[in-house]
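Following: one structure in structure tokens, then a few remarks.
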Amino acid sequence: MKESFVIKNADHVPGLYFPLVSETGLKSCVTPNLGGDAKLDQNHFLLEPRSIEDLRNNRSTRNFWLDWGEDTWSITGVSAWNEALWDRCDETMEVETGILWHKVTRRNPSMGVEGEILSFVPYDQNYEVHQITIRNTKETAETMRFYTAIPMYGRSADNLRDHRHVTSLLNRMEVTPYGIHNTPTLSFDERGHQPGDSVYYVEAVSAEGELPQDACGVLEDFVGNSTLLRPEAIFSGRDDIWQKSGSHVDGQEVIGALRFHPVEISPGEEKSYIVVIGIAPQEATIASLRPLWDSAAAVEAALEATITHWSNLAPIRIHTGDPDFDFFFMWVGFQPELRRLFGCSFLPHHDYGRGGRGWRDLWQDCLALLIMHPQQVRELLIANFAGVREDGTNATIIGDGLGNFKADRNGISRVWMDHALWPWMTMQLYIAQTGDEEILLEEQGYFESEKRGTILEHLILQNTAAYHNRGEHHMLRLLDADWNDALDMASQRGESVAFSNAYAANLISLGEAVQHLATTHPDAGVDASQGTSLIAMGRSLQQEIRSTQWLKEGFYNSYYDNDGQPLTDGNMMLTGQVFAIMGGTATEEQLDSITQKADELLYDEACGGYRLNTDFHEVKLNMGRQFGFAYGEKENGAVFSHMAVMYANALYQRGRKAAGFKALDALYRQSMNFEVSHIYPGIPEYFGRGGRGLYHYLTGAASWYLLTVVQQMFGVKASYGQLQVEPQLLEQQFDSDGKAWIRLPWQGKMTLITVTREGTATITEEL
Ligand code: G1P
């Protein structure tokens with residue numbers, strides 16, 4: 001299977017970005033021109049924070065320049081020359097991406113030069129490595145000189161607007177033999193005034209081990225009376241701007257500008273330079289890490305180790321009749337790892353939050369972990385229950401480390417009515433995969449309380465507390481929102497029929513688990529009759545929804561607004577249908593009607609499939625900010641991948657494989673249609689105007705897509721630790737030999753499951 005993806009002239013696509021990240025905290029992103037940023041957390045940005053619009057506008061990028069005979073050339077294509085001539089010159093470029101590396105190749109036939117920049121973050125380090133290779137494509141030898149020019153922000157994201165200048169006065173820049181180091185004396189951020197705890201640095205060597213000739217660490221000096229697109233330090237030929245190792249300047253904006261000795265390069269010859277940019281706790285760390293990157297061999301070894309590390313973490317592969325789908329799926333399978341590392345912040349669209357994830361995301365991301373590394377999840381799951389409060393609600397902010405929760409962001413307390421749902425959904429999968437139902441008997445504390453109880457008690461409390469919190473139509477109250485964060489203005493009278501369905505299903509399956517546990521562990525003090533009452537609660541709620549919420553239009557009502565009115569008038573919302581189908585509220589006849597109506601009212605082939613809702617043509621202040629968004633964007637009727645995937649999952653669960661496939665297939669085709677989606681392979685949070693993919697990479701949709709392909713499409717499920725294979729592949733998904741396979745970990749071993757068109761399944765354990 002192919003492992004990488006190539007896009008020609010990707011720098012003509014604004015808003016394209018690629019993540020690079022390490023296990024030790026560095027979170028970077030790069031654009032085709034090497035824009036983007038790099039940070040450890042909110043308070044340690046190595047490069048200036050970037051939102052999506054900055055990618056188009058900001059010229060403060062990682063830049064590499066070349067004196068090339070009489071010419072001066074930006075190897076990243078960020079120069080006044082490129083801006084003036086980009087559509088009138090013969091310069092071309094392409095980007096190739098793999099897990100997790102990024103390679104740009106830029107060719108300028110008129111100048112007779114090519115540059116290649118390979119970028120990655122070693123999986124276990126807090127620095128980026130860029131290996132730049134220059135090729136002479138002329139017939140004659142040329143004199144060249146290589147420069148780096150990387151503005152170093154080196155402070156908290158808060159200082160982008162707040163004390164941008166004053167914080168530059170804290171900088172202490174030093175030129176060292178390898179490059180520029182900046183050690184700010186203090187950090188002014190949300191934590192108050194903290195002593196500086198980091199060194200921000202840019203270092204470089206040639207592949208032969210040659211050190212920079214000199215450096216310019218002051219941004220103002222480097223730029224002179226010009227801009228970063230035509231910096232004086234490079235274009236004026238003035239030597240006095242460049243400083244030798246040992247010099248230092250205090251209190252200025254810093255740039256990692258390094259200059260190498262001019263060298264001659266023969267026709268066809270290549271020259272390479274290695275540049276790193278990073279954050280270290282102290283000077284000594286920087287020196288100790290140098291052997292890991294300061295030669296071509298070291299870079300090659302680090303890259304190989306990095307590729308191996310990430311491939312092992314996301315090892316699930318499939319083979320179907322469509323190799324592009326298999327490739328897309330490899331990327332989707334990797335996205336949950338990206339969300340584990342980035343949280344829901346820190347990529348250019350995700351310019352909110354201060355890192356970390358919310359409660360819902362924490363539990364849903366566990367779904368993917370459970371499929372990929374079930375043995376590692378037990379401790380994590382138990383720890384997560386420490387966030388449940390005695391009243392069944394929960395802490396909403398996840399701190400660092402296991403089981404470390406914070407009550408609320410900025411002290412604003414908010415209750416999302418769906419939060420109590422996800423723990424049992426995840427736990428159910430854990431028990432199915434491992435057979436470890438004893439986990440329910442483990443004890444855990446309650447958030448901000450002395451009280452302790454079993455995990456089972458936590459779960460029963462969560463689900464029954466939600467069940468009893470009813471509104472005037474007897475549906476579960478919406479409170480401050482449900483899964484749809486943007487339904488946030490109906491906390492008094494709003495009701496979520498959608499999630500009433502979901503809780504009903506939870507109560508039934510939780511009740512069944514209680515009965516099972518009481519049978520297998522008769523001495524554990526589990527009351528089997530409690531299982532029966534949970535099941536009865538779930539069934540009665542389903543019955544109530546069936547008899548009161550089915551609309552004459554032929555689908556279910558999803559919500560009541562803050563005036564106690566149903567969200568109907570011909571409008572359809574996908575969420576209410578998904579959970580009615582998934583949980584079993586919808587009858588078979590209703591299912592026929594819902595799928596027909598969804599195709600009629602919500603399906604948009606050109607935008608990735610099923611939209612989240614029809615256009616209400618109204619800013620519903622009695623429902624939520626969703627209705628302030630333009631129609632077709634985000635939660636207001638975009639094709640919102642997470643819910644579209646859950647729709648597919650629900651359909652497969654009810655045996656509607658063709659309909660389920662249709663929803664997944666539309667998302668895949670849209671994502672991989674680069675001309676329209678403008679994203680690298682993977683699934684974005686949603687498809688907006690013109691079918692463009694937005695908020696790429698960090699989305700719960702990826703976990704659910706993975707889960708749906710494994711458990712529904714390939715039908716690899718388990719019940720109390722026993723593997724079951726019940727594929728729901730369609731004719732066209734088999735290869736020309738009538739086969740399809742999935743390779744995934746099962747009870748500690750990589751396992752290959754091959755399915756034939758005739759319906760046989762062969763399970764082979766790999767050694
Ligand atoms: C995002 C949030 C998720 C929320 C959803 C709908 O979805 O992360 O918690 O439920 O919006 O408001 P995601 O980006 O995970 O697809």
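The values are calculated or read from the model by the stated rules, or taken from the named source; none is laboratory data. Just so it is clear, the model here is predicted, and its values are computed rather than measured. Quick reminder, even Gly has a Cβ in these numbers, built from the backbone with ideal geometry, and neighbours come from all protein chains shown. For the accessible areas, the whole protein counts, side chains as well, though only heavy atoms, and no ligand, DNA or RNA atoms are used. Shrake-Rupley method; radii C 1.70, N 1.55, O 1.52, S 1.80 Å.
Can you list the lysines whose alpha carbon sits under 18 Å from that of residue 39, skipping same-chain ones fewer than 8 residues off?
Within reach: 27.
Within the accessible area of segment 193-337, what % is carbon and sulfur when the probe is 1.4 Å and the other protein chains stay in place?
Of all accessible area on segment 193-337, carbon and sulfur atoms account for 51 percent.
Please give the peptides 396-404, 579-587 ranked by average Cβ packing (other Cβ atoms within 10 Å per residue), highest first, as a rough proxy for protection.
579-587, 396-404
Take the Cβ-Cβ distance between residue 124 and residue 240 as r, set R0 to 30 Å, and report the resulting FRET efficiency rounded to the nearest 0.05.
It comes to 0.15.
Hey, can you find the accessible area per residue of the chain for me, probe 1.4 Å, expressed in square angstrom?
37 Å²
Within 10 Å, count the other beta carbons around each residue, average over each peptide in 620-633, 689-702, and list them highest first.
Top to bottom by mean Cβ count within 10 Å: 689-702, 620-633.
Could you tell me the calculated FRET efficiency between residue 213 and residue 24, based on Cβ-Cβ distance and R0 = 45 angstrom, to the nearest 0.05?
Using R0 = 45 Å, I get an efficiency of 0.90.
Given the C-alpha centroids of segment 657-713 and segment 46-102, what is the distance between them in whole angstrom?
Each part reduced to its Cα centre gives a spacing of 29 Å.
Taking the alpha-carbon centroid of each part, what is the distance from segment 372-417 to segment 190-247 in angstrom?
44 Å
Going highest first, how would you order 222-230, 455-463 by mean Cβ packing within 10 Å?
Result, highest mean first: 455-463, 222-230.
For segment 117-161, build the charge dipole from Cβ charges (+1 Lys, Arg; -1 Asp, Glu) around the Cα centre, then report which of 119, 143, 130 sits farthest towards its positive end.
Of the options given, the answer is 143.
Give me the Å³ per residue figure for the convex hull around the C-alpha atoms of segment 261-381.
Per residue, the Cα convex hull of segment 261-381 comes to 235 Å³.
Do the sum for the chain: with -39,500 (n - 2.57) for every DSSP H run of n ≥ 4, divided by all residues, what is the mean residue ellipticity at 222 nm, to the nearest 500 deg cm²/dmol?
About -9000 deg cm²/dmol.
Given the pairs 662/749; 2/739; 103/662, which are separated by over 27 angstrom at their Cα positions?
662/749; 103/662
Under the Kirkwood approximation for Rh and a Cα-based Rg, what ratio Rg/Rh is obtained for segment 472-570?
Reported Rg/Rh (Cα atoms, Kirkwood Rh): 1.11.
Would you please state the base-10 log of I(q)/I(0) at q = 0.13, 0.14, 0.26 1/Å for segment 352-418, with intensities from the Debye formula using one equal scatterer on every alpha carbon?
-0.37, -0.43, -1.28
Using the basic label-point model (7 angstrom from Cα toward the beta carbon), what is the residue 449 to residue 227 distance in nanometres?
It is 5.9 nm.
How much length is gained on full extension from residue 588 to residue 296, taking 0.36 nm per residue of separation minus their Cα-Cα distance?
Extra length from residue 588 to residue 296 when fully extended: 98.9 nm.
Modelled label-to-label distance, residue 739 and residue 4, 7 Å Cα→beta-carbon offset: nm?
So the two model labels end up 2.9 nm from each other.
Around residue 44, which amide H atoms from residues at least 5 apart in sequence, or from another chain, sit under 5 Å from its own amide H, with H modelled in the peptide plane?
Placed amide hydrogens put 157 under 5 Å from residue 44.
Run the reach check for residue 138 against aspartates and glutamates, Cα to Cα strictly under 18 Å, same-chain hits fewer than 8 apart removed. What comes back?
In chain and number order, the partners are 67, 70, 71, 90, 91, 114, 116, 264, 269, 270.
Compute the separation of the alpha-carbon centres of segment 159-186 and segment 267-324 and state it in Å as a whole number.
27 Å
For a quick size check, give me the Cα extents of the chain along its three principal axes, largest first, whole Å.
84, 62, 56
May I ask you to list the residues of segment 205-239 whose amide nitrogen lies under 18 Å from a point 7 Å from Cα along the Cα→beta-carbon direction of residue 80?
220-239
So what is the orientation-averaged projected area of segment 202-255, using the convex hull of its C-alpha atoms, in nm²?
Value for segment 202-255: 4.4 nm².
Determine the gain in length on full extension of the stretch residue 414-residue 247; use 0.36 nm per residue of separation and subtract their C-alpha separation, reporting nm with one decimal.
54.8 nm
If I take every Cα pair under 8 Å that is 6 or more residues apart in the chain, average their sequence separation and divide by the length, what percent do I get for the relative contact order?
Computed value for the chain: 10 percent relative contact order.
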